[in-house]
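For reference, the structure discussed in these notes is given below.
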């Protein structure tokens, strides 16, 4: 037998629904900082992965340069001429100086 309590049964159901919603909101608020922290960590991982790829490309280029210096005499000659200003005995070196005032 079901007794009609009128408005009290509807109020009880509304209170139970509001309590469930409140509990769900509290759970969401409790986990929100963790979700934000995980998102920050994920962005940091992506940034570090990009930096790692950039550094690996630089490392690959430097290894190629080292290999060229070890195995290619033409590379050593070119660098000696460019960086140190060396020349062969029968060559004349002409250096062009830039005027600091003219470049401004």
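The numbers here are math on the coordinates, done by the rules we state, and not lab data. If you're wondering where the values come from, they're calculated on a predicted model, not measured in any experiment. So basically every Cβ, Gly included, is an ideal-geometry build from the backbone, and we count neighbours across all protein chains shown.
Extension gain, residue 57 to residue 86, is 7.3 nm, computed as 0.36 nm per intervening residue step minus the present C-alpha separation. Given R0 = 30 Å, the distance between the Cβ atoms of residue 67 and residue 43 translates into a calculated FRET efficiency of 0.25. Dividing the helix sum by the residues of the chain, where each DSSP H run of 4 or more adds -39500 (n - 2.57), gives a mean residue ellipticity at 222 nm of -27500 deg cm²/dmol. Where (i) 14.1; (ii) 22.5; (iii) 16.2 are the candidate values, the label of the one calculated here for Kirkwood radius over Cα pairs in Å is (ii).
Against the longest principal axis of the chain, how steep is helix 73-84, in degrees 0 to 90 to the nearest 10, with axes from Cα atoms? The angle comes out at about 90 degrees.
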